[in-house]
1. Please work out if Glu97 is in contact with a strand residue (DSSP E or B) (Cβ under 9 Å, 6 or more places away or on another chain) and among the charged types (D, E, K, R).
2. Is segment 30-48 home to any residue that is exposed (fewer than 14 other Cβ atoms within 10 Å of the Cβ), touching a residue at least 60 places away in the same chain (Cβ under 8 Å) and assigned to a loop (DSSP other than H, G, I, E, B)?
3. Just to confirm my filter: which strands (runs of 3 or more DSSP E) fall fully inside segment 130-224 and include at least 2 residues that are touching an Asp or Glu at 6+ places or on another chain (Cβ under 7 Å) and touching a residue at least 24 places away in the same chain (Cβ under 8 Å)?
4. Condition first: crowded, with 23+ Cβ neighbours inside 10 Å and assigned to a helix (DSSP H, G or I). Now tell me which residues in segment 81-128 satisfy that.
5. Could you give every pair whose Cβ atoms fall below 8 Å, whose first residue belongs to segment 111-125 and is farther than 17 Å from Ser146 by Cβ, and whose second residue is in a helix (DSSP H, G or I) and β-branched (Val, Ile, Thr), counting only separations of at least 6 or pairs across chains?
6. Need the failing condition index for Arg26 against (1) surrounded by 15 or more Cβ atoms within 10 Å (Cβ to Cβ); (2) of a type outside the set (Ser, Thr, Tyr); (3) more than 21 Å from Tyr154 (Cα to Cα); (4) touching a residue at least 24 places away in the same chain (Cβ under 8 Å), just the number.
7. Quick check: is even one residue across segment 57-77 crowded, with 20+ Cβ neighbours inside 10 Å, assigned to a strand (DSSP E or B), in contact (Cβ under 8 Å) with a residue 12 or more places away in the chain and within 15 Å of the chain's Cα centre (by Cα)?
8. Condition check: farther than 23 Å from Pro107 by Cα and without any contact (Cβ under 8 Å) to a residue 40 or more places away in the chain. Does Ala83 satisfy that?
Amino acid sequence: MALGIQHQYIPNISVDTDGEVQYAARTTKGIRYENLHCSQAFCDSACGPVTVIMAALVMTGLPRYRAESLTRTKREPFRTFWAIAKDLYFVGTGDEEISALASVFTPKIYPEIIASSSAKRIGRAVVNAVKVGNIPIVCVEHTHWSHYVLVVGYEANAGESAPRALLTLDSSAPAPRGSFNNGKLWLPTPKGRGGSTKCTYTDNVGKKWSVRLLSLVVLTLKPP
């Protein structure tokens, strides 16, 4: 008899009555839930900065409007964030740039780069991160592109510790409706999991790609 599927998510996110995924923003009047998904433009190669923004909103509780004025703000932390990010548009981002972008926020965000493309190791690292409230950002590679996505949770067969899929909030896909995620990174099956790097990535409009894992950056509010 099938035991079912289990989902585990990062903290401080929810889905409102309109189906929008939201996060807990801290305002002068208390906690207010605001839309989390942020979009990148076509071919701007800005998945890295936009993904870090989404992670930082969840972790710091900054109001969304602060990020929306990114390119013209004189207020920290987004003034420093933009000074770094503007040189990455139409160029692309690496793990070191992800770390630099994440590090400008207060409270301090500490990045840990996991330089492995093993599905087994990355899956285990995501489970460990989500369970303690940290936020992972995973990078995958297709034949013609590489892409960073925010991991908002994972999916596992009941009774199994290893995830079968990572649940993602993808800046290049439409905002999810009635769900925390708009993408899913399917890891290799247990029979072939081992150190394999080959996965299948799907989004919420039915697109599907064969991708290879490149790396993982785990963000935490506690020093490593």
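The values are calculated or read from the model by the stated rules, or taken from the named source; none is laboratory data. Because the structure is a prediction, the values reported are computed rather than measured. Counting neighbours? That spans all protein chains shown, and the Cβs are built from the backbone with ideal geometry, glycine included.
1. no
2. yes
3. Passing ranges, in order: 208-220.
4. Phe81, Ala85, Ile98, Leu101, Ala102, Ala119, Ile122, Gly123, Val126
5. Pro111/Ile98
6. (1)
7. No - not one qualifying residue is present in segment 57-77.
8. Here the answer is no, as Ala83 does not meet what is asked.
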